[in-house]
Amino acid sequence: MTIYWERCSICGKYESTRQCVMFPDIMTCIHCCVACINRDRCPKPVWIVEVKHRKLVVPKRPVEDIKKKVMEELFSKLGADK
Ligand SMILES: [Zn+2]
């Protein structure tokens with residue numbers, strides 16, 4: 001069993017924390033850092049989510065591809081009516 005003596009300044013949970021870059025008086029856990037509303041503006045988030053996790057979020061078939069296929073089907077039907 002791991003005991004963390006540090007406490008997150010944001011959620012108050014006893015977790016492993018790191019000092020926030022934007023607000024040095026705040027110690028943040030990984031959850032609060034990732035969910036932070038200032039993360040887009042943060043020069044260097046102290047908690048970095050691994051790249052492989054991000055790749056899972058990217059859809060394999062973008063909406064544009066589906067739209068294109070639908071349009072191609074429509075045009076092929078229009079052409080067949082002539
Ligand atoms: Zn937290």
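The values are calculated or read from the model by the stated rules, or taken from the named source; none is laboratory data. Everything numeric in this text was worked out from a predicted model, so none of it was measured. Cβ sites come from the backbone with ideal geometry, for glycine too, and all protein chains shown count toward neighbours.
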Would it be correct to say that Glu73 is at pLDDT 85 or above, of a type in the set (Asp, Glu) and within 16 Å of the ligand (Cβ to nearest atom)? no
List every residue pair whose Cβ atoms sit under 8 Å apart, with the two residues 6 or more apart in sequence or on different chains, where the first one lies in segment 6-30 and is over 13 Å from Ile48 (Cα atoms) and in contact (Cβ under 8 Å) with a residue 40 or more places away in the chain and the second, anywhere, is near the ligand (Cβ under 8 Å from one of its atoms) and part of a loop (DSSP other than H, G, I, E, B). none
Take segment 7-37 and flag every residue that is in a helix (DSSP H, G or I) and near the ligand (Cβ under 9 Å from one of its atoms). Ile30, His31, Cys32, Cys33
So Ile66, is it among the β-branched types (Val, Ile, Thr) and either modelled with pLDDT under 85 or outside any loop (DSSP other than H, G, I, E, B) (or both): yes
